[in-house]
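Please read the structure below before turning to the comments.
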Amino acid sequence: MLSIKNLHAKIEDKEILRGIDLKVKPGEVHAIMGPNGSGKSTLASVLAGNEMFEVSEGEVQFNGKDILEMAPEDRAREGLFLSFQYPVEIPGVSMVNFLRTSINELRKYREEKPLSASEFLKLMREKKNLVDIDSDLTNRSVNEGFSGGEKKKNEIFQMAMLEPKLSILDETDSGLDIDALRVVANGVNKLKRPDNATVLITHYQRLLEYIVPDYVHVLYHGRIVKTGGKELAHELEANGYDWIKKEFGDK
Amino acid sequence: MATEQDKILEEVTKGEYKYGFYTDIEMDMLPKGLSEEVIKEISKRKGEPEFMLEYRLEAYRNWLKMETPDWAHLNIPEIDFQDIIYYAAPKSKPKLDSMDDVDPELKATFDKLGIPLEEQKQLAGVAVDAVMDSVSVKTTFRETLAEKGIIFCSISDAIKEYPDLVKKHLGSVVPPNDNYFAALNSAVFSDGSFVYIPKGVRSPVELSTYFRINAMNTGQFERTLIVAEDDSYVSYLEGCTAPQRDENQLHAAIVEIVAMERAEVKYSTVQNWYPGDKDGKGGIYNFVTKRGLCKGDYSKISWTQVETGSAITWKYPSCVLMGDHSSGEFYSVALTNNHQQADTGTKMIHLGKNTKSLVVSKGISAGKSQNSYRGLVKVSKRAENARNFSQCDSLLMGDKCGAHTFPYLEINNNSAKVEHEATTSKIGEDQIFYCNQRGIDTESAVGLIVNGYVKEVINQLPMEFAVEAQKLLEISLEGSVG
């Protein structure tokens, strides 16, 4: 589904990603862990097409298509979803209007008819129950005045609505209390299907108690330095990142 | 980073005017220039009573002594008033009793603009008085309205048919010597609309007028007068688009509203005169004086405007709150792009006791435009317990445009409570990227964000107008999409 080969990316003249290789197959959950500044969020941004970053080398195939040449909206329409670390507020734009525009853009791309207002509201009710989100949130403007936890729940709700093939969750667990964390994790687990995949980007192991990954990758200095099963996450939790830094630190 | 954003915004904001076409209709016009003789000729051709001619001449003599105002944050090129045609009427059959009498070309123009003059309008619940250049061409529903005693006709007809009403109210809110452009309008106004709502009558339909500048080099001097008697209600819509033209055209209109006891008048405008091209060439100069007088106790006047057009906009729809407990509202969206300049806002003059006013102004600046809000809140000595709340927001797109806020307060009574809030924001690259990541392209994202930003104002517009206004905002900002 996703195949990243030797991906290099920089911001201004600073190289952040220095040769990432990663393969994600349908049905899999991957966790990408690493200390602050290792390039985790940059990887998420680059995959989503944020033009702040310049890709200097490498290739990324998604569903067999080269997505590095695609506009961010086309990547989204192909089924790539990014749950933002810091979801943006858009005052005055209602969640309903925003999501309906979004869904219908995705449908248009797949040459499907747009959802009518009633179909849309029905779908929204269904998904609201699925991810256990307060009705109140969807009646407000996009993320406006939401608490940190509400913003993250709202990202998962959008993910439920848009049914992406590949979801990248960028630090979705940061700043969440245990209840919100559980809601988010439950949402992700319920949305898991054999034909979609999830990439969790996280600093802590905590989220992985609720969402069990098939693979754990450690990102350090812009490279994946270690890959393992879920036990790798436990190791990181117990020993911290220092041993990684020691072993793979730049000379 | 910044350059990337600029590039995106530049692309979305370089759209050109979509309504630039020109109708070829034979015109009956006076030669260029302004003098007492020209004014006498206008009055004569319009078959006006003596009092109108005197009114015009007095205004003209006042105007000669006045000077172009220069206090606005605008760069106004010198206007040669002798190079303007002050009267132009489409040559058509003298009397128009039904749709069949309307010039087919004129009808086609209105169709192109999406103005349904046809009877379908009746179903939509809108009566239309279409003004093309100077002479009113067609009035629908006059009879339906007449049953309720409502008068809705061209100001020219009103001057002839209801001279007493006109004489009583014309200039009572905006006197002929009020300001430079008001004096000019009072001297040479060609046509416009007259609305009279009798005591206790609520207008069953929204009244609307579409204006359109169409003759080369023709100054357009509209005059509108709305009188709402005790306990009456009317909602009036004005909307306009003008054809693309290279030479600058002057537009100096006056709208006067009088609201008696417990009367309520809502006046909504969507303004889309030709703004000039991308390089700032051409475009309409729009100098408008709009003022409402809340004469009776508990009366209410509400202005809503969506301004997207004109090269220069100079416009301050105001409320004079004379009656006790009267209230005034001003909701405004002013969008400027490319080289447009707008200096717009309102004046809320509190004279009566317990008067209230509300101002919600949303400016959007893109391209190299300059957008200013200028507002005055004045509370007179005897206006006990006056209340005002003003909210002025500016949205910037790119870094070559400017947004300015000039609030003025003159408070002469200690019991007054006046609040002013102002914000300035930019459409963020992060907001656009967020939308992109949800499959929404940049142009639609800008439209979505802008429409969200102006929602408070758009919600004040009647339904069909709100949709039109939203489209207009998107069109005014979009780049290549046809």
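A short reminder: the numbers here are calculations on the coordinates, not readings from a lab. The structure displayed is predicted, hence computed values, not measured ones. Ideal geometry is used to build each Cβ from the backbone, glycine not excepted, and the neighbour counts take in all protein chains shown.
Of the beta bridges DSSP finds with both residues in chain A, what % are antiparallel, to the nearest 5? For chain A, the DSSP antiparallel bridge percentage is about 55.
Only Cα pairs under 8 Å and 6+ residues apart enter the sum, and on that basis the relative contact order of chain A stands at 27 percent.
In chain A, the longest principal axis of the Cα atoms and the axis of helix A:148-162 are about 70 degrees apart.
From the alpha carbon centroid of segment B:61-86 to that of segment B:303-330 is 22 Å.
Taking R0 as 41 Å, what's the FRET efficiency between A:K25 and A:K122 from their Cβ-Cβ distance, rounded to 0.05?
Numbers: r = 33 Å, r/R0 = 0.79.
Approximately 0.80, to the nearest 0.05.
Overall shape of segment B:294-431 was characterised from the C-alpha gyration tensor. The equivalent ellipsoid obtained from it has semi-axes of 31, 14, 11 Å, in decreasing order. B:E421 to B:H73: FRET efficiency via 1/(1 + (r/R0)^6), r the Cβ-Cβ distance, R0 30 Å, to the nearest 0.05? Working from the Cβ atoms, E equals 0.90. Averaged over peptide A:71-77, the number of partner chain Cβ atoms lying within 10 Å of each residue's Cβ comes to 6. Based on DSSP H segments of at least four residues, each scored -39500 (n - 2.57), chain A has a per-residue ellipticity at 222 nm of -11500 deg cm²/dmol.
Along the Cα→Cβ direction, 7 angstrom out, place labels at B:L376 and A:D242. What is the inter-label distance in nm? That separation, rounded to one decimal, is 7.3 nm.
Can you work out the FRET efficiency for the pair A:K113 and B:N459, with r the C-beta to C-beta distance and R0 = 30 Å, to the nearest 0.05? Each step should come with its number before you reach the end.
Numbers: r = 29 Å, r/R0 = 0.97.
Efficiency for this residue pair is about 0.55.
Going by how many other Cβ atoms sit within 10 Å of their own, how do B:E474, B:E147 line up, fewest first? Write out the running numbers ahead of the final one.
On the way: B:E474 19, B:E147 8.
In order of increasing Cβ crowding within 10 Å: B:E147, B:E474.
Three semi-axes describe the equivalent ellipsoid of chain A; taken as square roots of 5 times the Cα gyration tensor eigenvalues and ordered largest first, they are 30, 21, 16 Å. Per residue of peptide A:103-110, the mean number of Cβ atoms on other chains within 10 Å of the residue Cβ is 2.
With a 10 Å Cβ neighbour count serving as the proxy for reagent exposure, in which order, fewest first, do A:Y241, B:Y408 appear? Let's see the in-between values first.
Working: A:Y241 16, B:Y408 11.
Least to most surrounded, the residues fall as B:Y408, A:Y241.
Taking 7 Å steps out from each Cα toward its Cβ at B:A146 and A:E15 produces label points 8.6 nm apart. Take each residue in B:427-434, count the other chain C-beta atoms within 10 Å of its C-beta, and the mean is 6.
With both labels modelled 7 Å from their Cα along Cα-to-Cβ, the A:L130 to A:S147 distance reads 2.6 nm. With neighbours defined as other Cβ atoms within 10 Å of a residue's Cβ, the residues A:M1, B:M463 order from fewest to most as B:M463, A:M1.
Across the cross-link table entries A:K14/A:K128; A:K40/A:K65; A:K40/B:K471; A:K5/A:K127, which are compared at the Cα atoms, the separations over 31 Å belong to A:K14/A:K128; A:K40/B:K471; A:K5/A:K127.
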